[in-house]
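Accompanying notes for the structure given below.
Nothing in this text is a laboratory measurement; each read-out follows from the coordinates by a stated rule. It should be emphasised that the depicted structure is a prediction, and the values quoted were computed from it without experimental measurement. In this analysis, Cβ positions are derived from the backbone assuming ideal geometry, glycine residues included, and neighbour counts consider all displayed protein chains.
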Amino acid sequence: MSASVTALRRSIRISAAISPTIAARLALSAFFRPGPKMAVHERDAATDLAGHRDYLRMDGRDVATYRWGAGDRTVLVLHGWQGRASQLAPLVRELVAAGYRVVSFDAPAHGASDGRRADISDWLDASAALARRYGGFEAVIGHCFGGLAALALARDDAAIRTVAVIAATSSPAGFLHEFSTMVELDDATRTEFERLFYARLGETQATALARYDAVARPLPDTTELLIVHDREDRRMPDAGSLRLHEAHGERARLIRTRGLGHTRVLSDDSVLDAVMAMKNGGVHAVDALEAVSAQIGSA
């Protein structure tokens, strides 16, 4: 457990003894601050440099955007909380090699972008700006928090025919639960924290359910979904992914890895193969890929 989390727990516990509202406000402030920015990993530096970088101006902040490839079919890739676009470099390389144009951004308070706070509206606003710039997307791929944003985008845009989410969950409630557990909120503080969270987004719990929960409100019938989650993901357990798979029936496929955790899953060859199979051939291509893998494994 990091010293910063231990200190936050202590501060919240002391505040809760005075007022659950004060404690909830402290928790909310911490929740929306991603903390220190992730540096570009050495293995991803060449891909990061190869991207054409531009900027969006959002609420007084410069948001870094990226474009790779020159194809006329555009795929949006979305990093997660405390991540950055270069984190998806292995996937970017696969997509560009297959002839796609790939676009992304560093969310506010992440990577090369300005700011100290962020929430899901930032992912959605930046994605909408890139959709206007490039004429929309035929596929969206998201990791963790970016997966939640990918689901929200695709739910309202039937032109997005393929969605892949990696180490994600089906609604904001998953992130609220994990954060509340990490900082050990008591019941009264947790209730007030959740109320304040939805108010910050301009929502109630009911309206947020309708807008962001992909189990309560699944993707359009024409959209196919790939869900990838590691069974041993300690940062975001896979319960939400299991519900997401069940809610989408035969137009969804679930790949459950083991031993890759929350971030190494992004660069695993079998995961990259599954994402590319889904992008190029849909759910049946993923079935065929898994069948071949099973035959190899039993040989």
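Observations on the structure shown:
- Computed as a quarter of the hull surface, the mean projected area of the alpha carbon convex hull for the chain stands at 15.7 nm².
- Each of MET236, MET276, MET182 was scored by other Cβ atoms within 10 Å of its Cβ. Arranged with the fewest first, they read MET182, MET276, MET236.
- Charge dipole magnitude, Cβ of K and R +1, D and E -1 - the chain, Cα centre, debye nearest 20: 660
- Taking a sphere under 12 Å around the Cβ of THR223 and counting the other residues whose Cβ falls inside, with K and R at +1 and D and E at -1, yields a net charge of -2.
- Here segment 180-242 is described by how far its Cα atoms reach on the three principal axes: 40, 31, 14 Å, from widest to narrowest.
- Along principal axes, Cα extents of segment 74-119, largest first, whole Å: 36, 17, 15
- Of all complete DSSP H helices in the chain, those with a Cα span along the helix axis of 18 Å or greater and a mean Kyte-Doolittle hydropathy of 0.5 or more are 3-18, 283-298.
- Contact order relative to length of the chain, as percent, for alpha carbon pairs under 8 angstrom and 6 or more apart: 16
- Length gained on full extension, PHE32 to ALA206: 60.5 nm, using 0.36 nm per residue less the C-alpha separation.
- Segment 203-222 versus segment 1-34: alpha-carbon centroid distance in Å: 29
- Of GLY142, ALA277, ALA17, farthest towards positive along the dipole that unit charges on Lys, Arg, Asp, Glu beta carbons give the chain: ALA17
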